[in-house]
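The block underneath contains the structure these notes are about, expressed in structure tokens.
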Amino acid sequence: AQSVTQLDSQVPVFEEAPVELRCNYSSSVSVYLFWYVQYPNQGLQLLLKYLSGSTLVKGINGFEAEFNKSQTSFHLRKPSVHISDTAEYFCAVTPGGGKLIFGQGTELSVKP
Amino acid sequence: DTEVTQTPKHLVMGMTNKKSLKCEQHMGHRAMYWYKQKAKKPPELMFVYSYEKLSINESVPSRFSPECPNSSLLNLHLHALQPEDSALYLCASSDRGSETQYFGPGTRLLVL
């Protein structure tokens with residue numbers, strides 16, 4: 001079975017500071033990895049994904065993530081955050097077949 | 001275009017009512033999903049349709065009845081719901097051979 005752990009439930013950060021949202025996963029098989037963002041009262045928007053190939057993945061809105069197979073991690077980073085990045089961020093994995101397994105989410109709060 | 005649309009945006013219903021949620025995508029995706037999301041929690045998978053056939057039912061109570069009339073449409077019929085069914089209902093779709101799911105904006109349901 002697969003599981004996802006997002007190590008921080010809340011991350012407060014000042015505007016223009018860098019941020020890292022941590023995600024670790026557990027799986028006995030190869031998985032595909034995703035980060036989604038959810039703004040208040042909205043659906044989930046795909047930020048980026050790792051399916052194969054380069055372990056450094058670039059996404060929308062200046063976010064990037066690095067897949068580390070040995071540490072089973074897929075941390076999300078942004079060098080300089082904006083107020084508009086305030087949202088809930090979900091890490092998710094799937095071994096295939098349609099079942100996305102989500103982490104519990106990290107609430108990113110960007111303060112002026 | 002990676003747009004999934006959902007109607008209505010908001011729905012209030014009594015425990016004896018019958019209502020339906022609608023989801024539509026015109027990306028040619030052949031898999032469609034229903035998720036339930038409670039506040040401050042990750043989405044929970046309810047149903048998966050693949051090529052218009054129900055492929056996954058995550059032991060959802062029978063008061064929720066999914067329907068896939070064609071490859072672009074997914075409905076969720078609701079009957080005799082309980083107040084604890086109040087949540088954000090999200091629809092998603094993915095292309096055949098792809099594990100990337102694209103989400104709609106959701107329907108916020110309140111059961112009185």
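Summary of computed values
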item	result
Output for the stretch B:1-60, where each listed residue is in contact (Cβ under 8 Å) with a residue 24 or more places away in the chain, surrounded by 13 or more Cβ atoms within 10 Å (Cβ to Cβ), among the charged types (D, E, K, R) and part of a strand (DSSP E or B)	B:19, B:22, B:24, B:36
Residue among B:47, B:64 that alone is within 13 Å of the chain's Cα centre (by Cα), of a type in the set (Phe, Trp, Tyr) and within 14 Å of chain A (Cβ to nearest Cβ)	B:47
Meets criteria (at the interface with another protein chain (Cβ under 8 Å from one of its Cβ atoms) and under 15 Å from residue A:35 (Cα atoms)) for residue A:106	no
Selection status of residue B:36, charged (D, E, K, R) and in contact with an Asp or Glu (Cβ under 7 Å, 6 or more places away or on another chain)	yes
Residue, nearest to residue B:38 (Cα to Cα), within the stretch A:40-98, restricted to residues that are basic (Lys, Arg) and surrounded by fewer than 17 Cβ atoms within 10 Å (Cβ to Cβ)	A:77
Which numbered condition residue B:93 fails, given (1) part of a loop (DSSP other than H, G, I, E, B); (2) more than 8 Å from chain A (Cβ to nearest Cβ)	(1)
Filter pass, residue B:107 being at pLDDT 95 or above and of a type in the set (Val, Ile, Thr)	yes
Failed item in (1) surrounded by 12 or more Cβ atoms within 10 Å (Cβ to Cβ); (2) more than 20 Å from residue B:44 (Cβ to Cβ); (3) within 12 Å of another protein chain (Cβ to nearest Cβ); (4) at pLDDT 95 or above, with residue A:6 passing the rest	(2)
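The values are calculated or read from the model by the stated rules, or taken from the named source; none is laboratory data. Since we're looking at a predicted model, the values are computed, not measured. Glycine gets a Cβ as well: all are built from the backbone with ideal geometry, and neighbour counts include every protein chain shown.
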